[in-house]
């Protein structure tokens, strides 16, 4: 895959993204074109809402809380984070659905814990919130709810497996039994897929038809597995007719830039043209998780549609109309305030986790928990660049340990921590060594992740002089197809043991 080049637009080898905050890549090339991804890093299962001239989108956030960060756009290419809608931990959040009905916003949220799974709903009268507490819809056997309103005004949740359930008029409960309404199109038996797994049903009403967009083939596994299929009906109650050109999207060659593409939603653009958002893995960079992609739609004379972006490796014309918002946000942090939810998230937090963190005097204070990243609920970011470096000044309390990490989950991470006397090296999710620490309780630490080659450096003079730590790592296997969980490798901070660790002058820079 070509190396990103700053500020260059166009197609072909060596021509890639423009750069924004902290040198992070942005999709808008500044010349009327864009290059996928539109939201980089782990932003899977996109659910998108057109609300007048505004667009809102959110994604699966799994075990990170606050979760379900809502992003805003006015042109479908440039996106800014607004707020995290979900603050109460209901478990690992999968494939939500964001809708607006009768002036109220709703989020339908499948979630699971070790011993319970269901789908929930939260609502708000303003997209910025406040959002309600979760209401359990008691749907233990399905995931990926897709909201629909029928020609008779009835409200429904379409569910995985080709099922659906009726909703009460207020959208806050179900009022009937789950029923099976659709047998999804089946690919040829000799295709290389992860499994049938019909999921992610999304309903769009356009012209004379309701269109049902579904993902099949499995979300990860073989890159050729995940795909987008479609069916249509003149009524929300069926019958459903499969599209003659199924699958509409599928990775067919391992040389393509984007693998395992699927979980699509159709959306009307600012000028009335049509687009689709879905997710995919970047070739060779499973560690970045599933990223959000934008694909143009062409409606055909027979009332069907097709995706026209091909393998999405080249720049394409931006949606016409609309205006650009400032894309993304800086990940560098002076800790003047705590960007909790929009930027920083805890992993699998307890109900009182928020009490562990505060900011004062341009310093982040993080109370220690547990003994290692595995049980400390680290504070994490989403970084969407192929290569980057991040660093911070760290001061530990007596008896405490703290450091910088690249974190997949509690069983798979890499990083470097220290106590007063020794470093602690984290690799493969285990402790790999405790060499002597010459810096004492205060140092500046730097982590470089260069396309999954990781190095660590330390400094005792604020970063003027760096000392290379004697253990480099290769982390390309820290991803879903090795560990499961559908997550990404996220940079972050951790603190363990007694007292509060102090972090200052956190900087992030994409390379």
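What follows is calculated from the coordinates using simple rules that are stated; it is not laboratory data. The model shown is predicted, which means the values in this text are computed figures rather than measured ones. FYI the Cβ positions are ideal-geometry reconstructions off the backbone, even for glycines, and counts take in every protein chain you see.
Viscosity 1.002 mPa s, temperature 20 °C: give me the Stokes-Einstein translational D for the range 430-495 in µm²/s, with Rh taken as the Kirkwood radius over C-alpha pairs.
154
List the extent of the Cα atoms of the chain along each of their three principal axes, largest first, rounded to whole Å.
72, 50, 45
If we count other beta carbons within 10 Å of each Cβ, what is the order of 504, 411, fewest first?
The most exposed by this proxy come first: 411, 504.
Rank-order 135-141, 383-389, 350-356 by packing density, defined as the average count of other C-beta atoms within 10 Å over each peptide's residues, highest first.
383-389, 135-141, 350-356
Compute the FRET efficiency between residue 465 and residue 141 as 1/(1 + (r/R0)^6), taking r as their Cβ-Cβ distance and R0 = 56 Å, and round to the nearest 0.05.
Working from the Cβ atoms, E equals 0.40.
Does the range 461-504 come out rounded, prolate or oblate, given a ≥ b ≥ c as the square roots of the eigenvalues of its C-alpha gyration tensor, rounded meaning a/c under 1.5 and, failing that, prolate meaning a/b above b/c?
Here the range 461-504 falls in the oblate category.
In terms of the Cα gyration tensor, with a ≥ b ≥ c the square roots of its eigenvalues, is the range 27-97 rounded because a/c is under 1.5, prolate because a/b exceeds b/c, or oblate?
Prolate, because a/c is 1.5 or more and a/b exceeds b/c.
Counting residues in the range 270-360 as N, plug N into 2.2 N^0.38 Å and put the Cα Rg over that result.
In units of the globular-protein estimate, the range 270-360 measures up at 1.61.
Any chance you could check the Cα centroid distance between the range 463-511 and the range 46-60 for me, in angstrom?
Between the Cα centre of the range 463-511 and that of the range 46-60, the gap is 31 Å.
Taking just the alpha carbons, could you work out the radius of gyration and Dmax for the range 335-413, both in angstroms?
When restricted to Cα atoms, the range 335-413 yields Rg and Dmax of 12.8, 37 Å.
Go through 174-183, 112-121 and give me the packing order, highest mean Cβ count within 10 Å leading. Write out the running numbers ahead of the final one.
Values: 174-183: 13.7, 112-121: 16.6.
In descending order of packing, they fall as 112-121, 174-183.
Quick one: order 380, 68 by neighbouring beta-carbon count within 10 Å, fewest to most.
380, 68
Is the range 18-317 rounded, prolate or oblate when judged by the Cα gyration tensor, a ≥ b ≥ c being the square roots of its eigenvalues, rounded requiring a/c under 1.5 and prolate requiring a/b larger than b/c?
In terms of gyration-tensor shape, rounded.
Please report, for the Cα atoms of the range 345-510, the Rg to one decimal and the Dmax as a whole number; what are they, in angstrom?
Here Rg and the maximum Cα pair distance are 14.6, 42 Å.
Enter the Cα centre distance for the pair the range 391-408 and the range 144-178, rounded to the nearest angstrom.
Between the Cα centre of the range 391-408 and that of the range 144-178, the gap is 47 Å.
Counting other beta carbons within 10 Å of each residue's own, what order do 97, 298, 410 fall into, fewest first?
Exposure proxy ranking, most exposed first: 298, 410, 97.
Counting each DSSP H run of 4 or more residues in the chain as -39500 (n - 2.57), what helix-only mean residue ellipticity at 222 nm follows after dividing by all residues, to the nearest 500 deg cm²/dmol?
That calculation yields 0 deg cm²/dmol at 222 nm.
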